[in-house]
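*Asks:* Okay, handing you the structure first.
The values are calculated or read from the model by the stated rules, or taken from the named source; none is laboratory data. Computed from a prediction, not measured in an experiment: that's the story for all the values here. Cβ placement follows ideal geometry from the backbone for every residue including glycine, while neighbour counts extend to all protein chains displayed.
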Amino acid sequence: MNADYAELFHALLPETALVCGALFILFFDILWARHHSTDRLRFAVMLGLLGLASAAYLAIDGGTPGPQFGGVLMLDMMTLVSRVGVFALGALTLALLPGTTRLRHSAEFIAIVLFATAGFSLMAASNQLLLGFLALELASLSLYILAGFDKSRPESAEAGLKYYLLGGMSSAFLLFGFSLLYGLTGSIELTHIAMALHQTSMTPLLAIALVMVLVAFGFKAAAAPFHLWAPDVYQGAPAPATALIASASKVAGFTLFIRLLWPGLHDVAGSIASTSAPSGWLTIVAVLSAASLLLGNLGALAQSNVRRLLAYSAIAHTGVMMLGLGVIARAGQGPILYYTITYGLATVGAFGVIAVVDANGGCQRLTDLVGLHKRSPLLAGCLLVFILSLAGVPPLAGFFGKFAIFTAAFQLGGISGPAGWLALLAIAMSAIGLYYYLIILKQALIVQPTDVVAPIKLPLPAAFALFTAAVLLITLGVFPSPLLGLF
Amino acid sequence: MTLLPYTIYLSFAGALLSLAAGKRSAAAARAVALLTAVVCTGISLAAAFEFKPIAGLQTLVDLPWIATPAIHYHLAVDGISMTLIVLTGLAATAGILFSWNIEERTGEFFAFYLALIGGVYGVFMSADAFLFFVFYEIAIVPKYFLIANWGSTNREYGAMKLALYSFAGSGLVLAGLVWTYAVGSATGAPITFGLDDLARAALTLPAHDQIIIFALVFFGFATLAGLFPLHTWAPTGHVAAPTGASMLLAGVVMKLGAYGCLRVALPLFPVGFAYWQTTIAWLAVIGIIYAGLVALVQQDFKFVIGYSSVSHMGFVMLGLVAANERAASGAVLQMFSHGVIAGLLFAVVGRMVYERTHTRQLDALTAMPLHRLLPCAAFTFVLAGLASMGMPGFSGFPAELTILIGTWQMSPLLGLIAAVGVLVAAAFTLRAIQVSFFGKTGRAGPLGPPDREPEPAARPAAEGVIAFPVAPYPPITWPEKLGTMLLLGATVLIGLKPDLLLNWIIPALQSPAFHAVLKGGSL
């Protein structure tokens, strides 16, 4: 490895900006802001947004594309899109905070959001097992803290602990899988691993390594049957933290595993194009996808808590993303990244609405949304866009993402193989999914409140963030080519 | 002609505008909605005068939209879509006139209403399967809100059932279309989602696959067209919907399904069509008879009309699969005719009668001398009923006659059974007229004091007769009269001169795209 530290420095500028921003927020808070309690949150949010904006600028502007620092990092279009995506989702999360949170220590919350985003950004760029693992851990540890951040509610502590214990276990699985991969191939560089795997065939040990890695992936992405943490965490964590866990962490996680699985392990991928094709890790992905589609959609039907409902919907969406991961061989990374990013936008939006309603009298049960159209028409209108996008109704972005993935799945081998079957299953399940999404909208837009409801005063930054997310979902849905055409 | 795409854009813009106007006053929202609908109708009528019927689609707009998968923003019309675009304009305008009394959340009502209309216009102009699908789904979602929020009887159930049926049906369509595209792209030749490209791709499908894909696409669309046994959403949805929405549902939304069958399913998959033709024809005939018989025994006035819609849509489906030019042109004519007549019937039942008497139970209505209390409604309903039965002079007659003749050419047995369906339609319509409006006919002459019913309080409930107010109901308003005249005028005009539409429809059917449809799938 030729250690060119200037190259490393350039490649890591966005992360540097984020970490510096986070530290500056903490210093600023201790030295000045804590004496000005009314402006404390506002300044921290502004500094956080500034950090994210400069990171996005540096990500777009800086660095020559290609492998960096001897192949430890990879700067390509996927890195760029994924980085900008997580920065945008992080910024939306931050903008939701003023007026919606009663968290004490809000500056710390924002600093940790920036640390998590730095982790996501590293996950998007890493091209090596060890760095990938460390980036994932940086992001995960930040998210555990964010989940348990609300010290006034025991549910939050429960969410944090549950997330931490299960997440820690999945990290152990991942590390075990990585160590086996290292043992088998003699390298932690994805390019070297790919070359080594090219010359070997499937062995039992390799199979174990792949299972370990995919189990961990399933945990992190909340794919059934490793989804059990998701409903509890989504329900217990503060709504802005949930927004980040559900959106940006998914984008980064999928980017990391796309890079690990496709360029790194593609020789043992197998195929899901037909039944007679050889099996590899794609078989496991297909099983995870089918299980998530079924469990997520059917589980969501029974929910009466809106956060748990969205958690099950997230599991269902993971099922579609897993299918998107499977069709990369045919369609490239475009559809899957488009899908995760637009899903992230819709989810941040939905949890943003929940956060605002939560700050105005609580939002746990579905019935807490009753009368939203009277309390705040803008909020209700945005929720309509977010939920319909999650449901996959055109012309919103959620529909086009599904459409692109299904098209690729059918192109992979018609319905003669698992890819086509999964696409059929996903289409059938999205008809079922419409039911629970309409239930949410029914509560928010149709049911008349029995007594007088207080109007919601929508804070300006939150209104701006939600409106931006809704407009983006419509624009990306009507004109998907600018994002898809990047790949 | 070139302005025709603006019907789509104006409808969506009108939806946003009436949402904003509704914040100020209900009247403003109404005005915006009516203006939008009238302008769109004007554009479509102007285009209709200019329209030169030729075989094949006449492109209005064709822009590349999405690169991969290749999708064009391709709008085009032929005589069939022109017919339905004019129908949409008429039905939308009349529906707004009959929704004039919506007071609650008026702006939102018309926003959903116009969004639905925009989607419908879009479907009728799409020449690209993806675009078709997008507009088709845009038309589905507003229906849920229109019914669940402004509806009556069991509205949340009806709305959800309708939304899920439609969405499931469109899921089948999506699967079929994407599969076809995938097969076409596997050959390596460049392919778009354009209907003509998909038709070429479908030719390369093995027969077995084509049979399955045809079933997916056809039955997906047929769900929305109310083909037996996929029709069960229709009566409950129609009954639950507010008047304007049920006029649209029966008037144009069910036509979306039938149009999808004609434009997409039948031409693209001839082998599948040949395989399924007999089954579909039998289902259509069963639907005609079954729904007619069910309508005959309904107690809820609106359910009578709801089932009659299913029965009449059975004629459309029968005409489509009878595989000859006469039946197919009759089917398109029937789409227009039923759109107008069903709108009229729902307007009378939902707006003129139910909004005033607050009951739709035939038992209750029969106790009222409605022909005296609401003479205008009775007059309209008798005319609309005659039209619905297929009396000469109204549009239903040439439509059903051509379908029956065409069906006879395919199979005399099916033609015969379907003809019995016409009799059943006469039976349930006459029963509805008699029981609802003329249940308690008194002596002829002016409504004198002896005829007046005693005070409701004086009537013991044990008699089993339902009381009704003595005071006359509010008279039929001007918007209602206007809407009635619009729809009645349309049905009489086409009834007397069906050539107006047939001269558009028949050239369109001679397009090569429909060759297989008119030959029962054999090429």
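*Asks:* Residue by residue through region A:3-14, note down the ones that are surrounded by 16 or more Cβ atoms within 10 Å (Cβ to Cβ), in a helix (DSSP H, G or I) and touching a residue at least 60 places away in the same chain (Cβ under 8 Å).
*Replies:* Keep residues of region A:3-14 that are surrounded by 16 or more Cβ atoms within 10 Å (Cβ to Cβ), which gives A:7, A:10-14.
Adding the requirement that they be in a helix (DSSP H, G or I) leaves A:7, A:10-11, A:13-14.
Passing the criteria: A:E7, A:A11, A:P14.
*Asks:* If you go through region B:75-88 one residue at a time, do you hit one that is within 12 Å of chain A (Cβ to nearest Cβ) and polar (S, T, N, Q)? Break it down into steps so the answer makes sense when it comes.
*Replies:* Applying the first criterion (within 12 Å of chain A (Cβ to nearest Cβ)) to region B:75-88 yields none.
Looking through region B:75-88, none of the residues is within 12 Å of chain A (Cβ to nearest Cβ) and polar (S, T, N, Q).
*Asks:* Go through (1) within 29 Å of the chain's Cα centre (by Cα); (2) more than 8 Å from chain A (Cβ to nearest Cβ); (3) assigned to a helix (DSSP H, G or I) for B:T153 and report which single condition fails.
*Replies:* It is condition (3) that B:T153 fails.
*Asks:* In region A:361-399, which residue that is of a type in the set (G, A, S) and outside any helix (DSSP H, G or I) is nearest to the other protein chains (Cβ to nearest Cβ)?
*Replies:* Taking region A:361-399 first, the residues of a type in the set (G, A, S) are A:361-362, A:371, A:376, A:380-381, A:389, A:391-392, A:397-398.
So of that shortlist, the ones also outside any helix (DSSP H, G or I) come out as A:361-362, A:371, A:376, A:392.
Details: A:G361: 23, A:G362: 24, A:G371: 12, A:S376: 13, A:G392: 9 Å.
The extreme case among them is A:G392.
*Asks:* If the requirement is being touching a Lys or Arg at 6+ places or on another chain (Cβ under 9 Å) and among the β-branched types (V, I, T), which of these qualifies: B:T236, B:T279? Don't jump to the end; show me each part of the working.
*Replies:* On the way: B:T279 fails: touching a Lys or Arg at 6+ places or on another chain (Cβ under 9 Å).
Of B:T236, B:T279, the one residue that is touching a Lys or Arg at 6+ places or on another chain (Cβ under 9 Å) and among the β-branched types (V, I, T) is B:T236.
*Asks:* Let me ask you something else. Give A:A408, A:A404 a once-over and let me know the one that is facing chain B (nearest Cβ under 9 Å), over 25 Å from A:A311 (Cα atoms), among the aliphatic types (A, V, I, L, M) and part of a helix (DSSP H, G or I). Can you show your working first?
*Replies:* Numbers: A:A404 fails: over 25 Å from A:A311 (Cα atoms).
Exactly one residue qualifies, and that residue is A:A408.
*Asks:* Further question on the same structure: Can you report the number of residues in region A:406-418 which are over 23 Å from the mean Cα position of the chain (by Cα), over 15 Å from B:G184 (Cβ atoms) and modelled with pLDDT of 85 or more?
*Replies:* Of the residues in that region, 1 qualify.
*Asks:* For A:S416, all conditions in the list (1) assigned to a helix (DSSP H, G or I); (2) more than 8 Å from chain B (Cβ to nearest Cβ) hold save one; what is the number of the exception?
*Replies:* The failed condition is (1).
*Asks:* Also: Quick one: in region A:15-60, which of the residues that are of a type in the set (D, E, K, R) and not in a loop (DSSP other than H, G, I, E, B) is nearest to A:T93 (Cα to Cα)? Steps first, please.
*Replies:* So the first thing to find is which residues in region A:15-60 are of a type in the set (D, E, K, R), and the list is A:15, A:29, A:34, A:39-40, A:42.
Next cut, not in a loop (DSSP other than H, G, I, E, B) only: A:15, A:29, A:34, A:40, A:42.
Working: A:E15: 18, A:D29: 20, A:R34: 22, A:R40: 17, A:R42: 14 Å.
In this case the residue turns out to be A:R42.
*Asks:* Which number in (1) more than 26 Å from A:G420 (Cα to Cα); (2) within 12 Å of another protein chain (Cβ to nearest Cβ); (3) surrounded by fewer than 24 Cβ atoms within 10 Å (Cβ to Cβ) marks the one condition that B:Y165 misses?
*Replies:* Checking B:Y165 against (1) more than 26 Å from A:G420 (Cα to Cα); (2) within 12 Å of another protein chain (Cβ to nearest Cβ); (3) surrounded by fewer than 24 Cβ atoms within 10 Å (Cβ to Cβ), the one that fails is (1).
*Asks:* For a quick check of your reading of the model, give me the residue pairs whose first member lies in region B:175-195 and is more than 9 Å from chain A (Cβ to nearest Cβ), whose second is part of a helix (DSSP H, G or I) and polar (S, T, N, Q), with beta-carbon atoms closer than 8 Å and at least 6 apart or on different chains.
*Replies:* Qualifying pairs under 8 Å: B:I191/B:S185.
*Asks:* So which residues in region B:176-206 are surrounded by fewer than 20 Cβ atoms within 10 Å (Cβ to Cβ), closer than 15 Å to A:I415 by Cβ and aliphatic (A, V, I, L, M), if there are any at all?
*Replies:* Once the filter is applied, which keeps residues that are surrounded by fewer than 20 Cβ atoms within 10 Å (Cβ to Cβ), closer than 15 Å to A:I415 by Cβ and aliphatic (A, V, I, L, M), region B:176-206 yields only B:A186.
*Asks:* Tell me, which residue of region A:270-309 that is among the polar types (S, T, N, Q) and assigned to a helix (DSSP H, G or I) is nearest to A:P418 (Cα to Cα)? Let's see the steps before the verdict.
*Replies:* Of the residues in region A:270-309, the ones among the polar types (S, T, N, Q) are A:271, A:274-276, A:279, A:283, A:289, A:292, A:297, A:303-305.
Next, only the ones that are assigned to a helix (DSSP H, G or I) stay: A:283, A:289, A:292, A:297.
On the way: A:T283: 9, A:S289: 11, A:S292: 15, A:N297: 19 Å.
That would be A:T283.
*Asks:* I'm trying to understand the selection: among the residues of region B:410-422, which are surrounded by fewer than 15 Cβ atoms within 10 Å (Cβ to Cβ) and in contact (Cβ under 8 Å) with a residue 60 or more places away in the chain?
*Replies:* Within region B:410-422, just B:V420 meets the criteria.
*Asks:* What pairs can you find where one residue is in region B:481-497 and without any contact (Cβ under 8 Å) to a residue 12 or more places away in the chain, the other is surrounded by fewer than 22 Cβ atoms within 10 Å (Cβ to Cβ) and of a type in the set (A, V, I, L, M, F, W, C), and their Cβ atoms are less than 6 Å apart, with a gap of 6+ or different chains?
*Replies:* Qualifying pairs under 6 Å: none.
*Asks:* Search region B:19-43 for residues being touching a residue at least 60 places away in the same chain (Cβ under 8 Å) and closer than 17 Å to B:G89 by Cβ, and hand back the single one that is farthest from the chain's Cα centre (by Cα).
*Replies:* Applying the filter and picking the extreme gives B:V32.
*Asks:* Name the residue, out of A:L422, A:L472, that is crowded, with 19+ Cβ neighbours inside 10 Å and either over 20 Å from A:A290 (Cα atoms) or free of Cβ contacts under 8 Å to residues at least 24 places away in the same chain (or both).
*Replies:* Numbers: A:L422 fails: either over 20 Å from A:A290 (Cα atoms) or free of Cβ contacts under 8 Å to residues at least 24 places away in the same chain (or both).
Exactly one residue qualifies, and that residue is A:L472.
*Asks:* Further, regarding this structure: Looking only at region B:29-70, filter to residues that are under 30 Å from A:I336 (Cα atoms) and either within 14 Å of chain A (Cβ to nearest Cβ) or at pLDDT below 85 (or both); which one of those is surrounded by the fewest Cβ atoms within 10 Å (Cβ to Cβ)? Write out each step before concluding.
*Replies:* Just the residues of region B:29-70 that are under 30 Å from A:I336 (Cα atoms), to begin with: B:62-70.
Adding the requirement that they be either within 14 Å of chain A (Cβ to nearest Cβ) or at pLDDT below 85 (or both) leaves B:63-70.
Numbers: B:L63: 8, B:P64: 12, B:W65: 19, B:I66: 21, B:A67: 11, B:T68: 18, B:P69: 21, B:A70: 18.
In this case the residue turns out to be B:L63.
*Asks:* Going residue by residue through region A:67-84, is there one that turns out to be under 15 Å from A:A17 (Cβ atoms) and either small (G, A, S) or surrounded by 23 or more Cβ atoms within 10 Å (Cβ to Cβ) (or both)?
*Replies:* From region A:67-84, those under 15 Å from A:A17 (Cβ atoms) are A:83-84; that's our starting set.
Among the residues that remain, those that are also either small (G, A, S) or surrounded by 23 or more Cβ atoms within 10 Å (Cβ to Cβ) (or both) are: A:83.
Yes, region A:67-84 contains at least one residue that is under 15 Å from A:A17 (Cβ atoms) and either small (G, A, S) or surrounded by 23 or more Cβ atoms within 10 Å (Cβ to Cβ) (or both).
*Asks:* Hey, another quick one. Please state which one of A:L323, A:L345, A:L295, A:L282 is buried (at least 24 other Cβ atoms within 10 Å of the Cβ) and more than 17 Å from the chain's Cα centre (by Cα).
*Replies:* After applying the criteria, what remains is A:L282.
So that you can scan it fast, the table gives a plain yes or no per residue for (1) touching a Leu at 6+ places or on another chain (Cβ under 7 Å); (2) among the aliphatic types (A, V, I, L, M); (3) assigned to a helix (DSSP H, G or I):
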| position | (1), (2), (3) |
| --- | --- |
| B:Y181 | yes, no, yes |
| B:R200 | no, no, yes |
| B:L205 | no, yes, no |
| B:T223 | yes, no, yes |
| B:L230 | no, yes, no |
| B:S246 | no, no, yes |
